[in-house]
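Here the structure is laid out as C-alpha cells; the discussion comes afterwards.
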Amino acid sequence: MFFTNGNILNFFNTNRLDAGTYGCIAETVNEGFLMNTTMAIIKLNIQYPAKVTQLWISSREIEQHGTLTISCTVEGNPVDFTLLIVETQRQLVSGNAEVSFTISMNATCIDEGTYACTARNFLNKENSTLTQHVYVWCPPQIDDWHPYPNMKYAKLGDNLTFDLTVWADPQPEFTWFKAEWWNHWLPTPIPSDRQNNSKLTTSLKIQNVRPSDFGNYTVMVKNSLGTLNSTFSLQSQGPPQPPFDLRIVNLASTTVTLDWFIGYNYFEDSQIFAIQYSYQGLPFQSIAYTVYYSNQSLYHVNYTVSYLSPSTQYFFRVYSYNRYGNSDYSNTVQFVTYGAKPWLSPSLDTKMIAAISVAGGLTIAVFVVLSIWWIRRRRSYKSFK
C-alpha cells in the first residue's frame, strides 16, 4: 500500500488500524537511470485500552453433567484476560493477547456461579468485565475443595464445632443426629454460611463436653434431587477424672480397707490407681497399685493396705492415670490405727471387744456384791455369838 512521497510520513488521529509494518525506499537516479535502491523497515505499534466485547453462555440453567459452553472475546493492546467463577475464584482461562475463545465442560455442582470474563491493561482506569450467572441443578455433594476433619478429640468440659460444606441446588435441608441414639434427632442448625446459590455450610456446636457427648454424629443433607449422609466422630482423649468419695470401710491396728468410686476414664481399656499415704508429717508416698478395667461392671474399688503401725495417725488419698496423664487427687481421709493388744486375737472386731469388756465388767460387779454380802453375813454371825 502506497502512502506518500518524501522523507516524512505523518499520522493524524491514529487508531488501531494504523498499526503495522512500514517501509521507506530511497532511490538514486542518474540521467534517468536507477543507480541504487535502499529500504528501511519501521514497525508501528498502536496501544489502546483492553475491552471484553462478548461473553456468551449456552444456558443459564443446566442439570448436572449437562454440557455447558462459554465464549468470550477480548481486545486491547497490550491485554491480559481471565475467565473465572467469581464465588470460588476458580480460573478457567487466561492469556495476554487479543482472542476469541470457546470452552465446553460437563457441568457439576461446583460449576454453578457467576462467570466473569475480564480484560485489563495500563490504559484502563477500570477493568473491563462481562458476567453471566449459571445455575446447575444437583443433589447434595461434599465440597472437596475445603474439607473439614471428620474426627475430633476432646476432654470433658471442652467446646468444639463440626462443620460441613456442601454443594446443592435447590437449597437443601440439614438434620443432625447422634448415631447411638435411635430416633433422637438433634436440633437442625441454620446454615451458617451461604457462599452462593449452591454452596452452604452447616455447623453443629457442642459445648461443655459431657461423657454422653462422645460418639458418632451424622448430618443428613437433603433436597429434591437427592440425599447425602456424612458422619463425624467425637473421640475422648485425656487423663481420667479423679476418684471420689474415698472412705474407710474397715480399720484395725495394722490394716485399713479403703473404698472409692472411679472417675470417668474416656473409654480407655484400663485405669491404674495409686494409693498414697503420709504420717508423722512426712510427704505423701505411694504404697500400692491396683488396676481397674473399664469393661468390668464396677463403679467403685476397694483395697486393703497392710503393715501399718498400731496407734499411729495416717492420711490417705488416691489418684488414677492412663496413657494421657494423671488425674487430680481424691479427697483425703485420716485415721488412727488401733493400739496393739496381745491378749486379744487380731481377728476380733470392735463389737466383740465391746462384748468382752461388758462381760468382764459384769463379772467384777457380781464379785463385789457377793463379797459385801459375805462380809456382812460374817459380822452378823460374830455379833450373835
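The values are calculated or read from the model by the stated rules, or taken from the named source; none is laboratory data. The structure displayed is predicted, hence computed values, not measured ones. Because the Cβ atoms are built from the backbone with ideal geometry, glycine has one as well, and the counts that use them run over all protein chains shown.
The table below gives the values:
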read-out: Hits in region 93-129 - residues which are of a type in the set (A, V, I, L, M) and in contact with a Ser or Thr (Cβ under 8 Å, 6 or more places away or on another chain); value: Val93, Val99, Ile103, Met105, Ala107, Ile110, Ala116, Ala119
read-out: Filter result (outside any strand (DSSP E or B), of a type in the set (D, E, K, R) and out of contact with any Asp or Glu (no Cβ under 9 Å at 6 or more places or on another chain)) within region 1-34; value: Asp18, Glu31
read-out: Enumeration of residues in region 66-112 that are more than 20 Å from Ala19 (Cα to Cα) and assigned to a loop (DSSP other than H, G, I, E, B); value: Gly66, Val86, Glu87, Thr88, Gln89, Ala107, Thr108, Glu112
read-out: Unique match (being under 37 Å from the mean Cα position of the chain (by Cα), at pLDDT below 90 and either surrounded by 15 or more Cβ atoms within 10 Å (Cβ to Cβ) or farther than 25 Å from Pro211 by Cβ (or both)) among Asn229, Asn265; value: Asn265
read-out: Identity of the residue in region 112-152, acidic (Asp, Glu) and touching a helix residue (DSSP H, G or I) at 6+ places or on another chain (Cβ under 9 Å), that ends up nearest to Asp169 (Cα to Cα); value: Asp143
read-out: Count - residues of region 115-142 that are outside any strand (DSSP E or B) and crowded, with 19+ Cβ neighbours inside 10 Å; value: 1
read-out: Qualifying residue in region 35-58 (condition: assigned to a loop (DSSP other than H, G, I, E, B), at pLDDT below 85, more than 60 Å from the chain's Cα centre (by Cα) and not assigned by TED's automatic domain parsing to the domain that holds Asn223); value: no
read-out: Residue in region 93-108 that is outside the structural domain of Val221 (by TED's automatic domain parsing), surrounded by 19 or more Cβ atoms within 10 Å (Cβ to Cβ) and under 22 Å from Leu228 (Cβ atoms) present; value: yes
read-out: Among residues of region 143-173, those that are aromatic (Phe, Trp, Tyr), within 21 Å of the chain's Cα centre (by Cα) and surrounded by 13 or more Cβ atoms within 10 Å (Cβ to Cβ), counted; value: 3
read-out: Within region 1-53, tally of residues that are closer than 30 Å to Leu83 by Cα and touching a Lys or Arg at 6+ places or on another chain (Cβ under 7 Å); value: 3
read-out: Residues of region 237-261 classified as of a type outside the set (A, V, I, L, M) and part of a loop (DSSP other than H, G, I, E, B), total; value: 10
read-out: Cβ pairs under 6 Å, 6+ apart, first in region 231-255 and at negative phi, second acidic (Asp, Glu) and not in a strand (DSSP E or B); value: Pro242/Asp328
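This table checks each residue for (1) in contact (Cβ under 8 Å) with a residue 40 or more places away in the chain; (2) of a type in the set (Val, Ile, Thr).
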residue	(1), (2)
His300	yes, no
Val305	yes, yes
Leu308	yes, no
Thr312	no, yes
Phe316	yes, no
Asn322	yes, no
Asp328	yes, no
Gln334	no, no
Thr337	yes, yes
